[in-house]
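Here is the structure we will look at, set down as structure tokens.
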Amino acid sequence: MFRLLFPKSVFSSAKIGNRIFHAPISPHYLLQGRSFASSPLTHLIYKRATKIKKLPEAMEQERKVLKDAKTVSDIEDIEKIKSLATNKYYQKTPLLLKPYMRSILLRPAGFIISIAILQQALSIIPFLILWYIFDQYEINPPSLPDNIVVKGMELMHNGLINWDESQGDKHTAEMAGANAYATIRVLGPVIWISAILLAPFFDQYVLRSLGRVIKRPFSKAFKKINPSKASPEKNVPPEVRN
């Protein structure tokens, strides 16, 4: 702990005629001309922090967008991702919906193809599973629309023309298939919503990965057929050539 020391008696002198008069000076008077905040000691203790300059708004938005570029697909599309920093539609999109808006803006074709593939996959795979369950356990789901069940019966009858009787009763298999078809038709809106929600991730992690795997052998073959035409002398300094 610091303590300021002052002399016990501090006097000021003044000469009037041939006499010199001494008057005491209060220590508070000595501090009036200089405050504690401006002393060298306080500059060492209370050093002001340097102000951090804020980045321009465009650079700040670009930094936030590039922060999410973590996958191989994002690195490949880094230049396109930078353009999202100035896209007003992307900036106004809520945080929850930004992956879908980014997929629509960067890869609209991949987004649509992903929805189509997922819609078919989410329809066919559950249909086969339900058909097997309804046929094996002879389940007849109630409250299914009759017109859809009738249409399903027609489709199953035309599809099971070459049915082998050793596999079981054909009518039971047709009825189970019709019920499975009607169930999938009733769940159609749920299937479409699920396909749209999964489309950006399917495009990024499945379609892009398959595209890189397919392109790899073709790119190697293309490099072998068309080797680089650059002459090795271009990399040699002029003084070495001479």
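Residues that are within 18 Å of A199 (Cβ to Cβ), touching a Phe, Trp or Tyr at 6+ places or on another chain (Cβ under 6 Å) and at pLDDT 90 or above: does the stretch 77-96 have at least one? Checked against the condition, which is being within 18 Å of A199 (Cβ to Cβ), touching a Phe, Trp or Tyr at 6+ places or on another chain (Cβ under 6 Å) and at pLDDT 90 or above, the stretch 77-96 yields no hits at all. When the stretch 142-152 is filtered for residues that are at negative phi and either of a type in the set (A, V, I, L, M) or modelled with pLDDT under 90 (or both), the ones remaining, listed by number, are P142, L144, I148, V149, V150.
Apart from one condition, V213 fits all of (1) out of contact with any Lys or Arg (no Cβ under 8 Å at 6 or more places or on another chain); (2) at pLDDT 90 or above; the exception is (2).
Check L118, L155 and return the single one that is at pLDDT 95 or above and in a helix (DSSP H, G or I).
On the way: L155 fails: at pLDDT 95 or above.
On inspection, the qualifying residue turns out to be L118.
Scan the stretch 128-152 residue by residue and report those that are surrounded by fewer than 15 Cβ atoms within 10 Å (Cβ to Cβ), part of a helix (DSSP H, G or I) and acidic (D, E). The one that is surrounded by fewer than 15 Cβ atoms within 10 Å (Cβ to Cβ), part of a helix (DSSP H, G or I) and acidic (D, E): D146. Among residues of the stretch 110-130 that are under 14 Å from N179 (Cα atoms), those with a Cβ under 7 angstrom from a residue that is of a type in the set (S, T, Y), sequence gap 6+ or separate chain, pair up as F127/Y181; L130/T183.
Among L160, L198, which is touching a helix residue (DSSP H, G or I) at 6+ places or on another chain (Cβ under 9 Å) and modelled with pLDDT of 95 or more? Can you show your working first?
Values: L160 fails: modelled with pLDDT of 95 or more.
Of the residues listed, the single one that is touching a helix residue (DSSP H, G or I) at 6+ places or on another chain (Cβ under 9 Å) and modelled with pLDDT of 95 or more is L198.
The values are calculated or read from the model by the stated rules, or taken from the named source; none is laboratory data. None of the values given here were measured: they were computed from a predicted structure. Ideal geometry is used to build each Cβ from the backbone, glycine not excepted, and the neighbour counts take in all protein chains shown.
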